[in-house]
Amino acid sequence: MNARQQSILQMVIDKGRMSVADLALMTGVSEVTIRQDLNLLEKQSYLRRTHGFAVPLDSEDVETRMMNNFSLKRELAAWAARLVSPGETVFIENGSSNALLARALAEQPGITIITVSSYIAHLLKETPGEVILLGGIYQKKSESMVGPLTRQYIQQVHFSKAFIGVDGWQRDTGFTGRDMMRADVVSAVLDKECETIVLSDSSKFGAVHPYPLGPTQKFNRVITDDGLSADHQHLLEHSGLTVDIVKRP
């Protein structure tokens with residue numbers, strides 16, 4: 001993927017829907033070239049084409065994504081919740097499994113949740129747990145805060161564990177994401193050098209996306225399901241990660 005294609009993908013993710021004409025205008029190339037770029041990006045499963053437009057693969061809202069494989073995500077969240085003790089302050093980034101984790105933790109005594117997800121904050125409004133929502137640029141599709149202000153806020157707060165959602169992982173790339181701004185948020189969290197835990201179903205392992213979330217060695221633990229291949233589990237553990245395998249319901 002070249003720099004122009006990365007820029008095209010980021011614009012599609014940010015806007016949620018971009019026309020071929022607008023992409024050509026914003027990148028300074030012909031519509032023919034844009035169509036070739038979109039064909040390549042669709043073939044590599046980065047986006048989806050509709051008539052005259054491009055839309056992100058992950059164009060559904062968080063609530064809709066949560067309903068996909070809900071039982072599995074609930075099991076992953078329950079496993080992750082057992083790692084958090086009363087009185088801890090934890091960071092929860094974004095994603096449907098993380099939203100279910102936040103809901104489980106917010107019912108436990110004395111746990112403070114720091115998040116960049118306005119969806120998670122809203123989900124917890126009736127729970128007894130304390131929630132700190134960090135500010136920044138509001139991404140409407142992901143319902144998440146991003147940008148330099150968010151990075152600055154992360155630097156100013158402290159937490160013992162961070163739960164991160166990912167879009168992909170391969171041995172050569174480490175963990176990757178579809179969104180450049182959300183990747184920057186994860187980078188700021190990794191700079192805190194707390195215990196960093198990836199919470200993700202096994203379908204993300206073996207996939208690759210444009211934006212690195214950080215080298216595998218900067219993460220501490222992966223919680224995923226028993227669809228993870230033995231080879232991927234071995235590579236993750238060889239990189240120093242603890243891998244927790246949750247049986248699918």
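The values are calculated or read from the model by the stated rules, or taken from the named source; none is laboratory data. Here the structure is a predicted model, which is why all the values come from computation and not from measurement. Neighbour counts are summed over all protein chains in view; Cβ atoms, including those assigned to glycine, are modelled from backbone coordinates with ideal geometry. Note: areas computed on protein heavy atoms with side chains; ligands, DNA, RNA excluded. Shrake-Rupley method; radii C 1.70, N 1.55, O 1.52, S 1.80 Å.
Structure summary
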item: Most to least packed among 20-26, 71-77, 164-170, 125-131 [average Cβ atoms within 10 Å]; result: 164-170, 71-77, 20-26, 125-131
item: Rg over Rh, two decimals, the stretch 119-249 (C-alpha only, Kirkwood Rh); result: 0.97
item: Interatomic Cα distance distribution for the stretch 72-131, bins of 10 angstrom, percent; result: 27, 62, 11
item: Surface share of carbon and sulfur [accessible, 1.4 angstrom probe, percent] for the stretch 125-249; result: 48 percent
item: Cβ-based charge dipole, the chain, positive-most Cα from Gly16, Ile245, Pro148; result: Gly16
item: Mean Cβ neighbour count within 10 Å, used as a protection proxy, ranking 99-111, 137-149 highest first; result: 99-111, 137-149
item: Accessible area of the stretch 125-185 divided out per residue, in Å², using a probe of 1.4 angstrom; result: 52 Å²
item: Ellipsoid equivalent to the chain - semi-axes via the Cα gyration tensor, in Å; result: 31, 21, 17
